[in-house]
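The values are calculated or read from the model by the stated rules, or taken from the named source; none is laboratory data. Keep in mind the model is a prediction, meaning the values are calculated, not measured. Methodologically, a virtual Cβ is constructed for each residue, glycine included, from the backbone with ideal geometry; neighbour enumeration extends over all protein chains shown.
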Amino acid sequence: MQPSSPSRPSGGYALTRCSSASYANRLPTILIDASDMKPWHILADDLTGALDSAAAWANAGNVPVFLDEPGPSAQAVQVLATGTRDVPPASLPAILAPSLDWLVATGSAFKKIDSLLRGNTFAEIAWLMRRGRFAGVVFAPAFPAQGRFTARGRHWVAPPHQPHGPRTHEHACTLLQAFSNVGLSAHIPTRVQDSLQDAGKVVIPDILSDHDLDQLATLTAGPQAQQWLWCGSAGLAWALARQAAATAPASAISAAPPPPAPGSTLVLTASRHPVLREQLRQLPPPETRTEVLDLAEAQPLSPAEAQARLMQRMHTVITTWPRPTTLVVVGGDTLLALCRAADVRSLQAGASPRAGWGRARLVGGPWDGLTCYSRSGAFGPPDDLRALLAAIIPSCHPD
């Protein structure tokens, strides 16, 4: 018998038989030799973003993703999720300080930021720039494949790969003004290739395509690049991984995503984002093989109240719900609350079967070893969640 819950839907997600066509939207293979990989330490303000960025590098082997503070690891690429997106700005120094030495230790530092510039993006960068003594900041939040673009100091959302298409969102002020508000001087270079020529400033190149991101990533091969703080969304993380693949030996071997696993699947979310709400509406009628547990509040709450309510519910899920075979979590706050409620110490990120999704194995706690797929609630087309479930559950596709 399944446990009762006031937020639990009446049933699970219906799945029927499918063919190998379910894998048509797999991520492109990036070949990287782990032994020759350039080290990167990636600091992320939320956990789903951390895992999405880690997925870019995971074809060279599992990437450790730590929670709150860095842990021991010999991996060249490591990720730390601080959970600082929605905390009061005054608390940032105390949260970020324990990770600063780790961030600068390798000489290649990447600050993963939200592609919609939500939360404390600018305040975090200002603190890191000053305390980390970086030569400058390369700021590239664009992710053209997900419809995020930057040009002339403006950042906006439009259809994927269509920077001149209809805009559905635009950041409230210019990026130059946003950095000025936190005491940093910003500059827009004439060309992407000139992005490392204004030391002491935040440099904001125009990024309208994956080619632009790849051009920017080639600059990391220069010796001066290690003195800069690189800031971007998962789009820049993937470009940096492509750059690493371009310079890797031809004998490099990629780690493909694992085959679909039989057994039960639990889908968890507390995100109220309209993109995710539409994806949930597109799921077929419920049956029994997969459970969808929607923990979203009917009305918005303050960050502190929302976090407390979510943690309480997650403790209930962990202590009363049967352990699933596979876990799907949508929303960074949802995933972080789950990990804390389940006493997860870290995650081991691996290759993902679908763009925009992270895949990781939980380390520690009662759900130790469980495979989790995750993504922000703000991403993906209307059928994205449906397609992900089709890719990870054997012999099935959504009707």
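Consider the range 204-240. How many of its residues are outside any strand (DSSP E or B), of a type outside the set (Val, Ile, Thr) and within 19 Å of Leu176 (Cα to Cα)? Number of matching residues: 4. Of everything in the range 171-188 that is part of a loop (DSSP other than H, G, I, E, B) and of a type in the set (A, V, I, L, M), the residue that is farthest from Gly200 (Cα to Cα) is Ala172. Quick check: is even one residue across the range 117-124 modelled with pLDDT under 95 and either farther than 20 Å from Thr150 by Cβ or not assigned by TED's automatic domain parsing to the domain that holds Arg375 (or both)? Scanning the range 117-124, I find at least one residue that is modelled with pLDDT under 95 and either farther than 20 Å from Thr150 by Cβ or not assigned by TED's automatic domain parsing to the domain that holds Arg375 (or both), so the answer is yes. May I ask you to list the residues in the range 181-204 that are surrounded by 14 or more Cβ atoms within 10 Å (Cβ to Cβ) and hydrophobic (A, V, I, L, M, F, W, C)? Passing the criteria: Val182, Leu184, Ala186, Ile188, Val192, Leu196, Val202, Val203, Ile204. Per the listing Ser73, Ser108, Ser115, the residue uniquely free of Cβ contacts under 8 Å to residues at least 40 places away in the same chain and in contact with a strand residue (DSSP E or B) (Cβ under 8 Å, 6 or more places away or on another chain) is Ser73. Of the residues making up the range 137-180, those that are in contact with a Cys (Cβ under 8 Å, 6 or more places away or on another chain) and either loosely packed, with under 14 Cβ neighbours inside 10 Å or β-branched (Val, Ile, Thr) (or both) number 2. The residues of the range 308-329 that are without any contact (Cβ under 8 Å) to a residue 40 or more places away in the chain and polar (S, T, N, Q), listed by number, are Gln312, Thr319. Might you check whether a residue that is free of Cβ contacts under 8 Å to residues at least 40 places away in the same chain, within 28 Å of Ile42 (Cα to Cα), out of contact with any strand residue (DSSP E or B) (no Cβ under 7 Å at 6 or more places or on another chain) and surrounded by fewer than 19 Cβ atoms within 10 Å (Cβ to Cβ) occurs anywhere in the range 264-281? Within the range 264-281, not a single residue is free of Cβ contacts under 8 Å to residues at least 40 places away in the same chain, within 28 Å of Ile42 (Cα to Cα), out of contact with any strand residue (DSSP E or B) (no Cβ under 7 Å at 6 or more places or on another chain) and surrounded by fewer than 19 Cβ atoms within 10 Å (Cβ to Cβ). State which residue is modelled with the lowest pLDDT when the search covers only the range 369-397 and only residues that are under 17 Å from Ser264 (Cβ atoms) and not hydrophobic (A, V, I, L, M, F, W, C). So, considering only residues that are under 17 Å from Ser264 (Cβ atoms) and not hydrophobic (A, V, I, L, M, F, W, C), the one modelled with the lowest pLDDT is Ser395. Filtering the range 80-95 to residues that are out of contact with any Asp or Glu (no Cβ under 7 Å at 6 or more places or on another chain), aliphatic (A, V, I, L, M) and surrounded by fewer than 21 Cβ atoms within 10 Å (Cβ to Cβ) leaves Val87, Ala90, Ala94, Ile95. Just so you know, in the range 368-388 the residues that are hydrophobic (A, V, I, L, M, F, W, C) and crowded, with 23+ Cβ neighbours inside 10 Å include one that is nearest to the chain's Cα centre (by Cα), and it is Phe379.
Total residues in the range 205-232 satisfying the condition of being aliphatic (A, V, I, L, M), surrounded by 24 or more Cβ atoms within 10 Å (Cβ to Cβ) and touching a residue at least 60 places away in the same chain (Cβ under 8 Å): the figure is 3. Put simply, of Asp333, Asp383 the only residue that is touching a Lys or Arg at 6+ places or on another chain (Cβ under 9 Å) and over 25 Å from Gly61 (Cβ atoms) is Asp333.
Within the range 140-169, residues that are assigned by TED's automatic domain parsing to the domain that holds Ser376 have Cβ atoms under 6 Å from residues that are of a type in the set (D, E, K, R) and outside any loop (DSSP other than H, G, I, E, B) in no pair, counting only partners at least 6 apart in sequence or on another chain.
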